[in-house]
Structures are given as structure tokens and as C-alpha cells.
Amino acid sequence: MRASLFVTCLGDHFYADAAASAVRLLRKLGVEVDFPEAQTCCGQPAFNAGRDAEARRMAAHTLEVFRESEYVVLPSGSCACMLRRFYAHLFHDDDLSGQARHLAGRTFELAEFLVRVLGVTDLGRGLEGRRIAYHHGCHALRELGIREEPLALMANAGAEVVPWEAAEECCGFGGLFSVSFPQVSAGMADRKLDTLAGAGEVDFLTSADCGCLLQLSSRMRTRGQDLAVRHLADVLWEAAGGDS
């Protein structure tokens, strides 16, 4: 099986180690991974801003870059959602509509790919004794229906994923939303983080979306909260016995 890694903009600039963890994990599971160097932004910021022409141009480039990929795997729920759900909107009346649908059917977020495509739910016991708070990113949860996959992978690796009343609440990032409405965005993150105390002592917080991780870690620093925030790809690599 072959898969192309779509690293995403935030992954490239802020979570390169997580991207490397995703590649190591996939290769350990027998997947041949390549990295098309011509990849760029998926077009989501332009799409969210209503700049469909610009988004369509970037999306058309992405369609071409991954044209020959057997699967496309992303360490990001939001960018995976862009390819899978929103490209169809951009190209609904276009000659590229068929190509967009074809890419959508081959695109997966990392944990989703492990469970739904590879059929892997047990990576090892590398998280034995860890207490973890998991944040469900909105796009992965609400648009792609990814909920149990990351939880099962961590629990089967020995972790306790703690009950957290705000686990499924939006963190307030929302891409351009956090730029256009910074006070509301910060208030949403703070409300979410306020509830962490009810989950008891945890070793770290994790999520599958880089934007959410940036938002929550930034607010933690501002609030003086001392809790590690890690990308899910790094956590799953540790689960499989890789370096933490």
C-alpha cells in the first residue's frame, strides 16, 4: 500500500516533528510513504474568507499534485475535511469535479486511516499509565465523523483518556475566525480550558489538528497553565514504541 503525506501549512511550519512521526508510524505499519514536494496550501483560508477563485486555484494545484497517489494522509482533520468535503463545492460545476471526487475518496486523517483503511486498532503499549485529555477538532468530529478512532488507538496502547466535559467543544480557533474575532476566540478557548480541572491530573493534552493545538497552547501560556500540548501523530508514534 502506498500513501502520500500532505503535511499542511501549519504542520510544515509548527509541527514538523509530528509530520515525521506520522511517516515513521505509517512505514512501521508497512505503508510505503512518499512526500510530493510540489504540495502547497490546500486553499482552506481563502475558501473560509469567501475567496473562491483563489481557493479554486490552490485546490486545482493540489488535485494535480496528488493525482497519482493511492491514498492521501494528513495529520490534520481540518485540511482533510477541505479535500474531502469542500473541494466538491469548489468544483461542482467544473471539469475538475470528477477529479475532486476521486481525491476525496482517497483522503484520510491519520487516525482515521489507521483504523478504517489499515484496520489497525492496536499499536502497542507505549502509552501505559498515561492520563490524556483529548480535544476533538470540529472538522474531524463534525464534518468527517472521526470520534472513536483516536480514542481507541490511545486506550488500546494503555492510556486513560480522561472524561472531559468540554472535549467536544470548539476551541475557538476556526482559522480566520480567531483573526476576525480574537476576543470571542480567546473566550471560547478559556472556557474550554477552565473545565480541564474537572478531568483531574493529566499528563498532556492532544488533538489531531494543528490549529487547535496552537490555539490551546497559546492560551495556556497566557494563563500560566503548565500542561504539555502534543500532536496526536507524536502520541501515536509513542504508542507504537517510538521516541516520545
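The values are calculated or read from the model by the stated rules, or taken from the named source; none is laboratory data. Fair warning: this is a prediction, and the values are worked out from it, not measured in the lab. Methodologically, a virtual Cβ is constructed for each residue, glycine included, from the backbone with ideal geometry; neighbour enumeration extends over all protein chains shown.
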So, of the residues in segment 113-135 that are under 28 Å from Glu32 (Cα atoms) and surrounded by 21 or more Cβ atoms within 10 Å (Cβ to Cβ), which turns out to be nearest to the chain's Cα centre (by Cα)? Phe113
Quickly run through segment 3-43 and pick out the residues that are farther than 23 Å from Arg230 by Cβ and of a type in the set (A, V, I, L, M). Ala38
Checking Ala22 against (1) in a helix (DSSP H, G or I); (2) modelled with pLDDT under 95: exactly one of these is not met. Which one? (2)
Please pick out the residue among Leu227, Leu236, Leu196, Leu151 that is under 19 Å from Glu109 (Cα atoms) and in contact with a Phe, Trp or Tyr (Cβ under 8 Å, 6 or more places away or on another chain). Leu151
